[in-house]
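Below you'll find the structure, written out as structure tokens, and then a few comments.
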Amino acid sequence: MSHERHEPQQMEDELPMGKLLKVAAAALIIGTLGVAWAWGEWRYVLHQSQPNGMPALPQAIGAAEQGVVFQRPFDQLRASADLELRERQQLESFGWADRSRGLVHVPIGMAIDEIVRRHGR
């Protein structure tokens, strides 16, 4: 009995080109259909939300200056803080609203409690 040894031979590298082309074509078709569907949905939603078409562009588009924000000078901000403090003190204290007519102001919390007590709500 003779035992011959056969060395394995390297096979040529072959890609299944037919399968690869079919998968690539299917992916391309599915992607194209997805894009077409999304575009159609976008057009439908756009038509539903804007039945008269797109609104005209604002005239400010293209202007040299846009989005200007008014900002008060710091000294005015301080004056408004002082005013807020005076108003809060009046809301939380007793005092004369009109002394000549005998009108007084009471703290806002007490006034609310009295209104609720009178009207039962």
Taking the condition over 33 Å from the mean Cα position of the chain (by Cα) and on the phi < 0 side of the Ramachandran plot, does Ala60 pass?
no
Out of everything in the stretch 80-111 that is assigned to a strand (DSSP E or B) and surrounded by 10 or more Cβ atoms within 10 Å (Cβ to Cβ), what residue ends up being nearest to the chain's Cα centre (by Cα)?
His105
Which one of the conditions (1) open to solvent by 90 Å² or more (accessible area, probe 1.4 Å); (2) part of a helix (DSSP H, G or I); (3) among the aliphatic types (A, V, I, L, M) does Ala56 fail to meet, given that it meets all the rest?
(2)
Number of the condition not met by Val69 [criteria: (1) among the β-branched types (Val, Ile, Thr); (2) open to solvent by 100 Å² or more (accessible area, probe 1.4 Å); (3) in contact with a Gly (Cβ under 8 Å, 6 or more places away or on another chain)]
(3)
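Hey, any hits in the stretch 37-46 for a residue that's free of Cβ contacts under 8 Å to residues at least 24 places away in the same chain, loosely packed, with under 10 Cβ neighbours inside 10 Å, not in a loop (DSSP other than H, G, I, E, B) and not charged (D, E, K, R)? Break it down stepwise before answering.
Here is the first cut: in the stretch 37-46, the residues free of Cβ contacts under 8 Å to residues at least 24 places away in the same chain are 37-46.
Cutting the leftovers down to loosely packed, with under 10 Cβ neighbours inside 10 Å gives us none.
No, that holds for no residue.
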Could you tell me which numbered condition Ser93 fails, if it satisfies all but one of (1) within 30 Å of Ile112 (Cβ to Cβ); (2) at pLDDT below 90?
(2)
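The values are calculated or read from the model by the stated rules, or taken from the named source; none is laboratory data. Just so we're clear, the structure is a prediction, and the values are computed from it rather than from any experiment. Glycine also receives a Cβ, built like all others from the backbone with ideal geometry; neighbour counts cover every protein chain displayed. SASA here: full protein model, heavy atoms, side chains in, ligands and nucleic acids out. Shrake-Rupley method; radii C 1.70, N 1.55, O 1.52, S 1.80 Å.
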